[in-house]
Amino acid sequence: VRANYAPFTNETNTLAGIILLLQDVTEHEKLENMRKEFVANVSHELKTPLTTIKSYTETILDGTIEDKQLTQQFLNVIDSEVDRMTRLVRDLLQLSNLDFQQYKWNKKQVYIDDIIEKVLIKLELSAHNKQQILKYVKDCENIKINGDEDKIEQVISNIITNAIKYTNEEGQITIELLKEGDYAVISVEDNGIGIPAKDLSRVFERFYRVDKARSRELGGTGLGLSIAKQIIDSHEGTIKIVSGEGSGTKVTITLPVIEEMAESFVV
Ligand code: ADP
């Protein structure tokens, strides 16, 4: 709490009282700290690949490596570090657009089942490469929502990609689509490494990662879930995670559905 005071006098110039101003600055300070932390994180995340790129290019430019294969290996490292920076900048730009409400939503009536099926086709190969089983269960067809198809696809893809990334070989990932009241409920459950209780409430924060090294190694930026939350919030939906260390993770998204009008009433 910040305190300010000012004495005030009456007509005879004698002290009549004191105005005391107590200001709660905790929220302001919290925001300021978050901002500083964010800038520090961005700088660090950009500096790491730049340092690697610089040292590998210097070594190649030195001209002392004769082994062509080694040069090729170095170039591959540079190439993947550039990809990492590209992903990071793409995610940061997207967050900034969402923050400043500059993103032009392209909301339309779309079938959520179609979006999920599209994502599953794209991710089947990554799961297959880890000998994982992707199981899809749905209890009803043609669930319509008012949504930005690309963005909802991005969220579902991000959640399933996380399930694949943070689950060992031969794991199982179950994607379920239900309709509960006025909401479509999409859940993605894995039997992977899980998230310790102490980290669970923080995974939606920008750059928060349970294991930084592991996330980086798997190509993560640590921004996926915070972007997902912003997108789902903008669709009046919810996103929740239930997880335990070593016992897998379940991410559940709800989105309001549009009730189908009986065709015969439409003229
Ligand atoms: P990242 O790019 O690091 O995957 P996200 O924002 O998507 O970033 O997720 C934040 C963190 O939450 C991850 O680094 C990981 O520690 C944890 N996480 C997310 N999904 C899962 C999951 N299915 N299983 C275990 N941990 C997860």
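We did not get these values from a lab; they are worked out from the coordinates using the rules stated. What you see is a predicted model; the values in this text were computed from it and never measured. Note: ideal-geometry Cβ built from the backbone for every residue, glycine included; neighbour counts use all protein chains shown.
Details
- Summing charges over all other residues whose Cβ lies under 12 Å from the Cβ of THR57, with Lys and Arg as +1 and Asp and Glu as -1, gives -3.
- Across the chain, Cα pairs under 8 Å and at least six residues apart give a relative contact order of 15 percent.
- Whole-Hz ³J(HN,Hα) from phi, Karplus 6.51 cos²θ - 1.76 cosθ + 1.60, for segment 194-206, glycine and proline x: x, 10, x, 3, 5, 9, 3, 6, 9, 5, 8, 6, 4
- When the pairs LYS151/LYS250; LYS107/LYS229; LYS104/LYS179; LYS30/LYS198; LYS107/LYS198 are compared against a 26 Å limit on Cα-Cα distance, LYS104/LYS179; LYS107/LYS198 fall above it.
- Distance between the pseudo-spin-label points of GLU11 and LYS144 (7 Å out from Cα toward the beta carbon): 7.5 nm.
- Rounded if a/c under 1.5, otherwise prolate or oblate - the chain, Cα gyration tensor axes: oblate
- Net +/- balance of residues flanking THR254 in space, Cβ distance below 10 Å, scoring K and R +1, D and E -1: -2
- Theoretical FRET efficiency, 1/(1+(r/R0)^6), r = Cβ-Cβ of VAL82 and GLU259, R0 41 Å, to 0.05: 0.30
- Dipole of the chain, positive direction: furthest Cα of ASN10, THR174, GLY246, with charges on the beta-carbon: ASN10
- DSSP H segments from the chain that extend 20 Å or more along their own axis, Cα-based, with Kyte-Doolittle mean of 0.0 or above: 112-129
- Computed [θ] at 222 nm, deg cm²/dmol, the chain (DSSP H ≥ 4; -39,500 (n - 2.57); rounded to nearest 500): -15500 deg cm²/dmol
- Dipole check for segment 65-128: with +1 at the C-beta of Lys and Arg, -1 at the C-beta of Asp and Glu, and the Cα centre as origin, the magnitude is about 400 Debye.
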